[in-house]
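The values are calculated or read from the model by the stated rules, or taken from the named source; none is laboratory data. All of these numbers come straight from a predicted model, not from anything done at the bench. Please note: Cβ atoms are built from the backbone with ideal geometry, for glycine as well, and neighbour counts cover all protein chains shown. Just the protein is used for accessible areas: all its heavy atoms, side chains included, with ligands, DNA and RNA removed. Shrake-Rupley method; radii C 1.70, N 1.55, O 1.52, S 1.80 Å.
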Protein chains: 2
Amino acid sequence: MDNLFDKSSKIVIIGLGVIGGSYAMALTGAGYNHVYGIDTDPNSVEQAITIGIIKSGGDREKLLASADVVALCVYPDDAAGCMSEIAPYLKPGVIITDVAGIKRGYIDAIVSCLPEGARYVPAHPMAGREKKGIDYADSKVFRGANFIITPVGVSDEAAVEAVAKMAVDMGFARIRVLSPEKHDEIVAYTSQLPHALAVALINSEDEDAETGDYIGDSYRDLTRIADINARLWGQLFIGNSDNLIKVIDDFERQLVQIKRAVQDGDNEALERLFCKSSARRSALNEHR
Amino acid sequence: MDNLFDKSSKIVIIGLGVIGGSYAMALTGAGYNHVYGIDTDPNSVEQAITIGIIKSGGDREKLLASADVVALCVYPDDAAGCMSEIAPYLKPGVIITDVAGIKRGYIDAIVSCLPEGARYVPAHPMAGREKKGIDYADSKVFRGANFIITPVGVSDEAAVEAVAKMAVDMGFARIRVLSPEKHDEIVAYTSQLPHALAVALINSEDEDAETGDYIGDSYRDLTRIADINARLWGQLFIGNSDNLIKVIDDFERQLVQIKRAVQDGDNEALERLFCKSSARRSALNEHR
């Protein structure tokens, strides 16, 4: 293809977990007819073939040599190693994309392993599941979701357009372009902090308290994401530690304000904090 | 009725806000045909009559004198004042119930204003809306929800049964009996803490960050309850300050554990915390 990209382009997905599997499902479902998959677990490849979301797992080196697009759908910490492993087999002009929820250091590591002439388009499909593995792959989670592209020096325009087209075809509603720095800053607050809060909330339960019978929808909503892929989120948190610590600090200061008002019996201060949060939450509903 | 309670019993709801209005709607909908309402705002009474959820607002003193059940659906801080105001008009054997989300001190204040012979059954319908006022009244929110009764010395068995029957008829799925102390301990963790976190989360947003376009479902879920009835929740927080401060402290310690692990780049520690939260959240799904 070189600079052309269409539904006959050959896409190789590396890592058929929940996101890689969902990519395969969404692309095949959208009419891409050369979607292939590679995974260290042969059962995942077998299953992806059986359910008809990849054409084959085939011969790994041959697949890579003819790939127009390679989507790295592995754990963040494994991505650079994977990249340097596959680099020797890739053809010039290949488009590399990824799905990691962190960007800055992650991207630098990938870039340092790219073969000459490869075009790399870092991406973050803002959707997914707490569960892991191909059993939970489901292209429906992409529908209506945000897809963020964080271009770098080795992302040429045609390659960015190709990845954006793939995203639209997979069902993403909005393709947005951000710098890696801005991306990491935003996801620390909108995604990583909520996960940290959910985990801390459920872990702070007094185990003898028999609260299970008395929870309402708000507690369920707040803790849903506490059922978490531990390995993935450990890597995401540590890979974005500066931003995450900053937003945890900001959050802690807000919580202390509430706690102080409660301690002081200061109803007016509490009402001010609640009015502020209400106004902000109402404004949020106007987005989307 | 004295000790008999059925759908012809006369129920007077004081305060036709979102909960009082929903009580009226649910009781009338369940075939209770003597449901009356009192409110300081004549428009709320008028509206309740118009939409057919109360028979009338009628003559306040006369209504109270013939009431079999009085449901106090006013703000927690107003309840004792309201109770002492209506006490002179009530008949012996009347059942008083309430809907407050806090119990200990609240109950003591009510009990001190009860007329001789009144039977008081404190209750907490664990459902509601963030919005306030009769416009948001909707009996559907009760369906499948928990209804907690916290009996005290002046709650005789027949009165507890009458209130439990009302709750079942209004659509509550589970009637549970707790001590006021245990109730306040549990709601601090399952309801008040989640509200505090949601408020602190949304209030900690950097206003210049343009995060609005990049939020996902988890952030939406976690902040939904940050749109809050400020007056009500100020009273609930301060009325349960000891328990609430304790659970905020517990939560803060858990969050600090996450923050330290991130600061130290300690992936193992993070994974341990995440595995714990995942196991707890999965166990929660088995409830309900």
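Could you name the lysines in cross-link range of B:LYS132, using Cα to Cα under 17 Å and dropping any fewer than eight places away on the same chain?
A:LYS276, B:LYS140
How fast does the range A:1-119 diffuse by Stokes-Einstein, in µm²/s, taking the Kirkwood radius from C-alpha pairs at 10 °C and 1.306 mPa s?
112 µm²/s
Select from B:THR28, B:GLY57, B:CYS73 the residue farthest towards the positive end of the dipole of the range B:1-89; place +1 on Cβ of Lys and Arg, -1 on Cβ of Asp and Glu, and compute about the Cα centre.
Of the options given, the answer is B:THR28.
For the range A:4-56, what value does the Rg/Rh ratio take when both radii are computed over Cα atoms and Rh is the Kirkwood radius, given to two decimals?
Working: Rg = 10.1 Å, Rh = 10.7 Å.
Over the Cα atoms of the range A:4-56, Rg/Rh equals 0.95.
Closest beta-carbon to the A-to-B rotation axis: which chain A residue owns it, and what is the separation in whole Å?
Output: A:ASP221, 2.
Roughly how many debye, to the nearest 20, is the charge dipole of the range B:122-253 about its Cα centre, given +1 on each Lys and Arg Cβ, -1 on each Asp and Glu Cβ, and no other charges? If you can, show how the numbers build up before the last one.
Details: 14 positive and 23 negative charges, 147 e Å.
Once rounded to the nearest 20, the dipole reads 700 debye.
Looking at the range B:58-193, what % of its DSSP beta bridges pair antiparallel, to the nearest 5?
Details: 4 of 15 bridges.
Bridges in the range B:58-193 that DSSP calls antiparallel: roughly 25 percent.
Please provide three numbers in whole Å: the alpha-carbon extents of the range B:93-223 along the principal axes, with the largest listed first.
60, 29, 25
Quick one: length gained pulling B:GLU207 to B:ASN33 fully straight, 0.36 nm per residue minus the C-alpha distance?
Taking 0.36 nm per residue and subtracting the Cα distance, the gain is 57.5 nm.
Could you tell me the center-to-center distance, by alpha carbons, between the range B:211-288 and the range B:79-110 in angstrom?
Result: 34 Å between the Cα centres.
For the range A:101-163, report the translational diffusion coefficient in µm²/s to the nearest whole number, using Stokes-Einstein at 10 °C, 1.306 mPa s, and a Kirkwood Rh over Cα pairs.
Values: Rh = 13.4 Å.
My calculation gives 118 µm²/s for D.
For the protein assembly as shown, what is the percent of antiparallel DSSP beta bridges, rounded to the nearest 5? It would help to have the intermediate numbers written out before the result.
Working: 8 of 46 bridges.
So the antiparallel bridges in the protein assembly as shown amount to around 15 percent.
Counting only residues 5 or more places away or on other chains, whose amide H sits under 5 Å from the amide H of A:ILE148 once H atoms are built in the peptide plane?
A:HIS124, A:MET126, A:ARG176
Determine the dipole magnitude for chain A: charges of +1 sit on the beta-carbon of Lys and Arg, -1 on that of Asp and Glu, nothing else is charged, the reference point is the Cα centre, and the result goes in debye to the nearest 20.
Dipole magnitude for chain A comes out near 960 debye.
Calculated FRET efficiency, A:LYS165 and A:ALA65, Cβ-Cβ r, R0 22 Å, to nearest 0.05?
Numbers: r = 23 Å, r/R0 = 1.06.
With R0 = 22 Å, the Cβ-Cβ based efficiency is 0.40.
What helices does chain A hold that run 18 Å or longer along their axis, going by alpha-carbon atoms, with a Kyte-Doolittle average of 0.0 or more, using DSSP H for the helix calls? Write out the running numbers ahead of the final one.
Numbers: long enough: A:157-170 (20 Å, 0.79); A:241-263 (32 Å, -0.32); A:267-285 (27 Å, -0.62).
Sorted by number, the helices that extend far enough and score high enough are A:157-170.
To the nearest 20 Debye, how big is the dipole of the protein assembly as shown about its Cα centre, given +1 on the beta carbon of each Lys and Arg and -1 on that of each Asp and Glu?
Values: 60 positive and 84 negative charges, 253 e Å.
Here the size comes out at about 1220 debye.
Can you check what the net charge comes to around B:ASN243, using other residues whose Cβ is under 13 Å from the Cβ of B:ASN243 (Lys, Arg +1; Asp, Glu -1)?
Net charge around B:ASN243: -2.
Quickly rank A:66-76, B:241-251 as a protection proxy: mean count of other C-beta atoms within 10 Å, highest first. Show your work: numbers first, answer last.
Details: A:66-76: 23.4, B:241-251: 18.8.
Most protected by this proxy first, the peptides run A:66-76, B:241-251.
Over the whole of B:245-254, what's the average partner chain Cβ count within 10 Å per residue? Rounded to a whole number, please. Before the final figure, lay out the partial values.
On the way: counts 4, 1, 5, 7, 2, 6, 7, 6, 3, 9.
Partner-chain Cβ atoms within 10 Å, mean over residues of B:245-254: 5.
Can you work out the accessible area per residue across the range B:1-109, with the rest of the protein chains kept in place, probe 1.4 Å, in square angstrom?
Details: 4220 Å² over 109 residues.
Value for the range B:1-109: 39 Å² per residue.
Taking only Cα atoms of the protein assembly as shown, what ratio of Rg to Rh do you get with Rh as the Kirkwood inverse-distance radius? Walk me through the intermediate numbers first.
Values: Rg = 28.5 Å, Rh = 26.3 Å.
Looking at the protein assembly as shown, the ratio lands at 1.09.
Looking at the range B:187-227 from every direction and averaging, what is the projected area of its Cα convex hull in nm²? Working shown, then result.
Details: hull surface 11.8 nm².
That works out to 2.9 nm², a quarter of the Cα hull's surface.
Just to confirm a number: summing +1 for Lys and Arg and -1 for Asp and Glu over residues other than B:ALA30 whose beta-carbon lies under 11 angstrom from that of B:ALA30, what do you get?
Details: positive: B:LYS7, B:LYS165; negative: B:ASP169.
Overall, the nearby charge balance is +1.
Which percentage, to the nearest 5, of the DSSP beta bridges contained in chain A is antiparallel? Walk me through the numbers before you get to the answer.
On the way: 4 of 23 bridges.
Taking every DSSP beta bridge within chain A, about 15 percent pair in antiparallel fashion.
In Å², rounded to the nearest 100, what is the total accessible surface buried by chains A and B against each other with a 1.4 Å probe?
Details: alone 15500 and 15470 Å², together 22790 Å².
Accessible area lost upon association: around 8200 Å².
Hey, how many Å between the Cα centroid of the range B:34-62 and the Cα centroid of the range A:114-184?
Answer, in whole Å: 57.
Would you kindly work out, in nm and rounded to one decimal, the distances from the label point of A:ALA173 to those of the same position in each other copy, ordered shortest first, with label points 7 Å along Cα-to-Cβ?
Output for A:ALA173: 2.8 nm, nearest copy listed first.
Of A:ALA145, A:GLY105, A:VAL177, whose Cα points farthest to the positive end of the dipole of the range A:69-189 (charges on the beta-carbon: +1 Lys, Arg; -1 Asp, Glu; origin at the Cα centre)?
In the range A:69-189, that residue is A:ALA145.
Place the label 7 angstrom along Cα→C-beta at A:LYS140 and in each other copy, then list the distances from the first to the rest in nm, shortest first.
Taking the point 7 Å beyond Cα along Cα→Cβ, the inter-copy spacings are 2.1 nm.
Normalised by the residues of the range A:109-207, what does the relative contact order come to in percent, with Cα pairs under 8 Å and at least six apart? Please list the in-between numbers first.
Numbers: 100 pairs, mean separation 25.7, N = 99.
Relative contact order, the range A:109-207: 26 percent.
Relative to the compact globular guide of 2.2 N^0.38 Å, what is the alpha carbon radius of gyration of the range B:184-288, as a ratio? Please list the in-between numbers first.
On the way: Rg = 15.8 Å, N = 105, 2.2 N^0.38 = 12.9 Å.
Relative to the 2.2 N^0.38 Å estimate, the range B:184-288 comes out at 1.23.
Using 21 Å as the Cα-Cα cut-off, could you pick out the over-long pairs in A:LYS10/A:LYS62; B:LYS10/B:LYS131; B:LYS62/B:LYS91; A:LYS10/A:LYS165; B:LYS103/B:LYS182; A:LYS131/A:LYS246? Could you put the intermediate results ahead of the total?
Values: A:LYS10/A:LYS62 12 Å; B:LYS10/B:LYS131 28 Å; B:LYS62/B:LYS91 11 Å; A:LYS10/A:LYS165 14 Å; B:LYS103/B:LYS182 9 Å; A:LYS131/A:LYS246 28 Å.
Over 21 Å apart, Cα to Cα: B:LYS10/B:LYS131; A:LYS131/A:LYS246.
In terms of modelled amide H atoms, which long-range or inter-chain residues lie less than 5 Å from the amide H of A:ILE96?
A:VAL70, A:ARG119, A:TYR120, A:VAL121
With only alpha-carbon atoms in the gyration tensor, what are the semi-axes of the equivalent ellipsoid for chain A, in Å, largest first? It would help to have the intermediate numbers written out before the result.
Values: eigenvalues 310, 85, 60 Å².
Each semi-axis is √(5λ); the values are 39, 21, 17 Å.
Work through the residues other than B:GLY15 whose Cβ is under 14 Å from its Cβ and net out their charges, Lys, Arg +1 and Asp, Glu -1. Before the final figure, lay out the partial values.
Values: positive: B:ARG60, B:LYS132, B:ARG231; negative: B:ASP39, B:ASP41, B:ASP77, B:ASP78, B:GLU85, B:ASP98.
Once all neighbours under 14 Å are counted, the net charge is -3.
Would you mind listing the distances between the A:ALA87 label point and the same position in each other copy? Use 7 Å along Cα-to-C-beta, nm, one decimal, shortest first.
Sorted ascending, the copy-to-copy spacings read 8.3 nm.
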